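Presented below is the structure to which this report refers.
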Amino acid sequence: MRLIMALALVMAIASPAFAADTVVGDPYPLDKCPLTGKALTADSPSAVKDGREFKFCCGGCKGKLETDAASVISKADAAITEKEKPAYPLDTCIMSGEKLTDKAVDAVINNRLVRFCCANCVDSFKKDVAGNMKKLDTAVIEKQKASYASKKCPVSGEELGSMGDPLNVVIANQMVSLCCKGCEKKLRAEPAKYIAMVSAPAEKKQ
């Protein structure tokens, strides 16, 4: 019996809900360090905290995620909100369907800004983050698909549709159409780079 209990304990420790370095949700969506505001590159150090990815300009900033996580997360949340709020694609709460007003509640969940009509809807969303994020993705794609300007995959440069139906991926509340599943890894490695490539035409068109 003791052996069985010991084995069960080892398995529980070795099999958490997700590995310490597993990213849940969106990759870090910004092109700047959340602490210094310095530009990030493909080689910038990254870290994962509670399933959430962060990228930094240097090892010193990365280390602060462990020593002062609350401050790092607060600054990242503020930067993500500032970046995504002006172009937030939905005008209704994803949970209630109610119109978003100037009293809307902003929450950064899994590295993405989600806007709600009230705090109760934030709590409801968090009860099934994975399922509700899929619901949000579907709503964003439905909203942006008709006006999506780019005709080429931003990763490969191939014409969309040349390899079958395009793959629509939502990161930072922006739909990005890819020519194939193989391009998704590069998109998630440098999301800000590729999002800028597909959002620029739409911004110029306004």
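Might you let me know whether the stretch 140-155 holds any residue that is of a type in the set (A, V, I, L, M), part of a helix (DSSP H, G or I), modelled with pLDDT under 95 and not assigned by TED's automatic domain parsing to the domain that holds residue 29? Within the stretch 140-155, not a single residue is of a type in the set (A, V, I, L, M), part of a helix (DSSP H, G or I), modelled with pLDDT under 95 and not assigned by TED's automatic domain parsing to the domain that holds residue 29. If you go through the stretch 108-146 and keep only what is among the aliphatic types (A, V, I, L, M), more than 24 Å from residue 198 (Cβ to Cβ) and surrounded by fewer than 17 Cβ atoms within 10 Å (Cβ to Cβ), you end up with 119, 129, 130. On inspection, residue 35 does not qualify as outside any loop (DSSP other than H, G, I, E, B) and surrounded by 20 or more Cβ atoms within 10 Å (Cβ to Cβ).
Scanning the stretch 153-182 for residues that are farther than 18 Å from residue 193 by Cα and among the small types (Gly, Ala, Ser) returns 161, 162, 164.
For every residue, the table says whether it meets (1) in the same structural domain as residue 35 (by TED's automatic domain parsing); (2) in contact (Cβ under 8 Å) with a residue 40 or more places away in the chain; (3) in contact with a Pro (Cβ under 9 Å, 6 or more places away or on another chain).
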site: 60; (1), (2), (3): yes, no, no
site: 76; (1), (2), (3): yes, yes, yes
site: 79; (1), (2), (3): yes, yes, yes
site: 91; (1), (2), (3): no, no, no
site: 97; (1), (2), (3): no, no, no
site: 102; (1), (2), (3): no, no, no
site: 105; (1), (2), (3): no, no, no
site: 118; (1), (2), (3): no, no, no
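How many residues are touching a Phe, Trp or Tyr at 6+ places or on another chain (Cβ under 7 Å) and over 14 Å from residue 170 (Cβ atoms) when one looks only at the stretch 94-115? Count: 5. Looking at the stretch 185-199, can you tell me whether even one residue there is assigned to a loop (DSSP other than H, G, I, E, B) and either on the phi < 0 side of the Ramachandran plot or not aromatic (Phe, Trp, Tyr) (or both)? Checking the stretch 185-199: at least one residue is assigned to a loop (DSSP other than H, G, I, E, B) and either on the phi < 0 side of the Ramachandran plot or not aromatic (Phe, Trp, Tyr) (or both).
The set of residues in the stretch 153-180 that are more than 19 Å from the chain's Cα centre (by Cα), in contact (Cβ under 8 Å) with a residue 24 or more places away in the chain and closer than 27 Å to residue 113 by Cα comprises 153, 179, 180. Considering the conditions (1) surrounded by fewer than 18 Cβ atoms within 10 Å (Cβ to Cβ); (2) part of a helix (DSSP H, G or I), residue 24 is excluded by exactly one of them, (2).
Scanning the stretch 42-58 for residues that are in contact (Cβ under 8 Å) with a residue 24 or more places away in the chain, surrounded by fewer than 20 Cβ atoms within 10 Å (Cβ to Cβ) and assigned to a strand (DSSP E or B) yields 48, 49.
The values are calculated or read from the model by the stated rules, or taken from the named source; none is laboratory data. Quantities reported herein were computed from a predicted structural model and do not represent experimental measurements. Neighbour counts run over all protein chains shown; Cβ positions are idealised from the backbone, glycine included.
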